[in-house]
Amino acid sequence: MSNDKSILLGAVAYDSKVVTIWEGIREHFQSEDVPMDFALFSNYERQVEELLKGHIDIAWNTPLAHVQVKQRTKGESISLGMRDSDRDFHAKVIVRRGAGITSLKDLDSTQARILPLYFLAQAGVDLSRVKVVTFDTDPGKHGDTGTSEIDVLRALHEGQADAGTLGDLVWVNEQAAGHVDSARVEVLWTTPGFDHCMFDAHPDLSPEKIELFKRALFAMSWDNPKHRRLLELEGLREWLPPREEGYRSLEEALKTD
């Protein structure tokens, strides 16, 4: 970690808009007299490693990366904040009409990841009867691009799978874009809620930098047109304080994965 007052933040470049977002946030931080810069990574695994080595001060992490950081620091990493949209995420189990699946107990084919599989098991689904077909079209990005979920939806429409899981946001966006044929697919089940992204700070980050970061972050306002443009790009209306209870299910799922 640097000894000066500048904060170095890590983010994963899952889309070209990431540069626009963080350049704008850096400009906002500077207007708040908080010097900040960012480093972009191609995957979360590398970002987590660089945070743990102290090469960056703070990382903007997915839920999986957040839990990994917590576990590897034995709970000593510092959670700083999250989006309002990060709270109470859900995934949906989508089924192909005509596949004979009318309840979770009927599942015999699905595309899923850690939490959907965990929630299905918790709901009584015999996972030994589930053939998991994975779509790794955005390796290292933990689903940020949504590409893998779109591949799942395509497989359902084309009859290559009987059931699959998509995040709420992808499902809503694909419906709005006219990419969902309701005559072919339908929602069978919605998972319990879980939380998504988090700003994670290295355990040794100075209290001064932590307070400067939080002050500048929480000063962003939807009512400010400059801020609103960035908030819209990042998919939120308001930055919120951290909470850990929304990651408990993921922690449990990783124990059984």
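The values are calculated or read from the model by the stated rules, or taken from the named source; none is laboratory data. Just so we're clear, the structure is a prediction, and the values are computed from it rather than from any experiment. Neighbour counts run over all protein chains shown; Cβ positions are idealised from the backbone, glycine included. Side chains are part of the model used for accessible areas, which takes the heavy atoms of the whole protein and leaves out ligands, DNA and RNA. Shrake-Rupley method; radii C 1.70, N 1.55, O 1.52, S 1.80 Å.
All conditions but one from (1) of a type in the set (Lys, Arg); (2) surrounded by 15 or more Cβ atoms within 10 Å (Cβ to Cβ); (3) free of Cβ contacts under 8 Å to residues at least 60 places away in the same chain apply to residue 228; the one that does not is (2). When residue 149 is tested against the conditions (1) under 24 Å from residue 63 (Cβ atoms); (2) surrounded by 14 or more Cβ atoms within 10 Å (Cβ to Cβ); (3) at pLDDT 90 or above, the lone failure is (3). When the stretch 201-252 is examined, which residues are found to be under 16 Å from the mean Cα position of the chain (by Cα) and among the polar types (S, T, N, Q)? Answer for the stretch 201-252, where residues must be under 16 Å from the mean Cα position of the chain (by Cα) and among the polar types (S, T, N, Q): just 249. For first residues located in the stretch 148-162 and part of a loop (DSSP other than H, G, I, E, B), partners that are of a type in the set (S, T, N, Q) and lie 6+ apart or on another chain with Cβ distances below 7 Å form the pairs 161/109; 161/111; 162/109. Scan the stretch 172-231 for residues that are part of a helix (DSSP H, G or I) and not polar (S, T, N, Q) and the total you get is 22.
Within this structure, residue 242 passes the test of being touching a strand residue (DSSP E or B) at 6+ places or on another chain (Cβ under 8 Å), closer than 25 Å to residue 88 by Cα and open to solvent by 40 Å² or more (accessible area, probe 1.4 Å). Being surrounded by fewer than 15 Cβ atoms within 10 Å (Cβ to Cβ), closer than 20 Å to residue 65 by Cα and at pLDDT 95 or above holds for only one residue in 200, 257, 204, 181, and it is 204. Could you tell me whether residue 218 is in contact with a Pro (Cβ under 9 Å, 6 or more places away or on another chain) and more than 28 Å from residue 104 (Cβ to Cβ)? Answer is yes for this residue. Taking only pairs six or more apart or across chains, which ones have beta-carbon atoms under 8 Å, a first residue in the stretch 163-180 that is within 29 Å of residue 129 (Cβ to Cβ), and a second residue that is open to solvent by 80 Å² or more (accessible area, probe 1.4 Å)? Here the result reads 165/113, each pair linking the stretch 163-180 to a residue that is open to solvent by 80 Å² or more (accessible area, probe 1.4 Å).
Screening the stretch 207-225 for residues that are of a type in the set (Asp, Glu) and free of Cβ contacts under 8 Å to residues at least 40 places away in the same chain and picking the one that is most open to solvent (accessible area, probe 1.4 Å) gives 223.
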